[in-house]
Amino acid sequence: MSLSSVQPALSSLKTCQVDIGTGMDIVSDVALDLVEAQGTDDSPSLRKLEQMMLECAALDREINCFVESVEQTTAHVRREPPQAMFSLLNSVKNRFAELKDRDSDVQRHSKVVAFRDNIRKSLAQVNQSAAAHVEEELDEDIAVTQSQTNFTCPLTQVEMVNPVRNKKCQHYYDQEAALTMIKTRHNNKKKFRCPVVGCSNSDVKQSDLELDLVMKRLIQTNKRQSGKS
Ligand SMILES: [Zn+2]
């Protein structure tokens with residue numbers, strides 16, 4: 001029995017997690033379509049989507065626990081006499097159960113939290129633009145103010161395609177530009193400072209960035225509307 005097959009298996013599991021994350025983003029996007037179309041956050045279809053999010057979150061958590069338990073146990077067994085290999089499966093099982101117990105709250109999964117957050121924001125947006133529509137007849141300036149919302153990436157100086165929000169300083173960047181920048185800076189053993197003028201955040205990390213679907217949709221809607229006129 002050899003441990004050499006463990007690492008490739010773990011990395012393919014981690015690839016699965018990326019796909020689960022993408023799937024969760026797609027479900028969130030569909031949910032926002034629903035909220036916009038129905039103007040409510042209370043519908044059976046939306047509840048079904050939320051259920052899907054929770055199931056994905058549970059799966060994601062489970063993979064995390066599994067990967068962690070295998071990594072810890074195999075690291076441990078390397079330092080033990082060879083016969084420890086025989087109890088490896090049990091050790092992994094026990095560690096997995098422990099980790100799963102400790103970390104069972106899928107409600108706190110970052111994408112589940114963002115999902116609920118986005119729905120709330122999107123609903124506020126729907127209500128707000130309905131109100132703005134009425135006001136628009138009184139005051140044409142509102143349309144101008146709305147289109148002036150800043151969609152420009154501070155890195156590329158062009159309109160963002162996939163806006164990510166920095167959880168630490170709340171600033172937005174285009175995902176691709178930000179990730180490239182972080183990678184380049186880190187390769188040179190340097191930190192990436194938030195490019196927004198006056199921002200004190202001197203160390204932007206990839207884990208601080210979260211795709212903002214509501215913002216992405218705003219940009220797309222704005223693009224469609226300005227294309228029409
Ligand atoms: Zn910033």
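Overview of results
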quantity: Euclidean distance of C-alpha centroids, the stretch 24-48 and the stretch 70-105, integer Å; calculated: 40 Å
quantity: Accessible carbon and sulfur surface of the stretch 19-77 relative to its total accessible area, %, 1.4 Å; calculated: 55 percent
quantity: Cβ-defined net charge surrounding D103, 12 Å radius [Lys, Arg +1; Asp, Glu -1]; calculated: -2
quantity: Degrees, to the nearest 10: 110-138 long Cα axis against longest axis of the chain; calculated: 0 degrees
quantity: Surface share of carbon and sulfur [accessible, 1.4 angstrom probe, percent] for the stretch 151-229; calculated: 50 percent
quantity: Solvent exposure of the stretch 9-129 as accessible area per residue, Å², 1.4 Å probe; calculated: 59 Å²
quantity: Angle in degrees between helix 6-38 and the longest Cα principal axis of the chain, rounded to the nearest 10; calculated: 20 degrees
quantity: Using alpha-carbon coordinates, inclination of helix 213-228 to the longest axis of the chain, degrees; calculated: 40 degrees
quantity: Inter-probe distance in nm under a simple model that places probes 7 Å from Cα toward Cβ, at T221 and Q157; calculated: 3.0 nm
quantity: GNM top mover of Q83, Q38, Q17 - the chain, alpha-carbon springs below 10 Å; calculated: Q83
quantity: Protein-only accessible surface order, largest first, of L46, L34 at 1.4 Å; calculated: L34, L46
quantity: Accessible-area value, S110, 1.4 Å probe, nucleic acids and ligands omitted, Å²; calculated: 60 Å²
quantity: Cleavage-rule hits (trypsin sites (Lys or Arg not before Pro)) in the stretch 57-87: DSSP loop, at most 15 neighbouring Cβ within 10 angstrom; calculated: R78, R79
quantity: Nearest-10 value in Å² for the accessible area of F96, using the 1.4 Å probe; calculated: 50 Å²
quantity: The stretch 1-96, relative contact order in percent, only Cα pairs under 8 angstrom and at least six apart counted; calculated: 29 percent
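The values are calculated or read from the model by the stated rules, or taken from the named source; none is laboratory data. In this text, all values refer to a predicted model and were calculated from it rather than measured experimentally. So basically every Cβ, Gly included, is an ideal-geometry build from the backbone, and we count neighbours across all protein chains shown. Heads up: the accessible areas ignore ligands, DNA and RNA and are worked out on the full protein's heavy atoms, side chains in. Shrake-Rupley method; radii C 1.70, N 1.55, O 1.52, S 1.80 Å.
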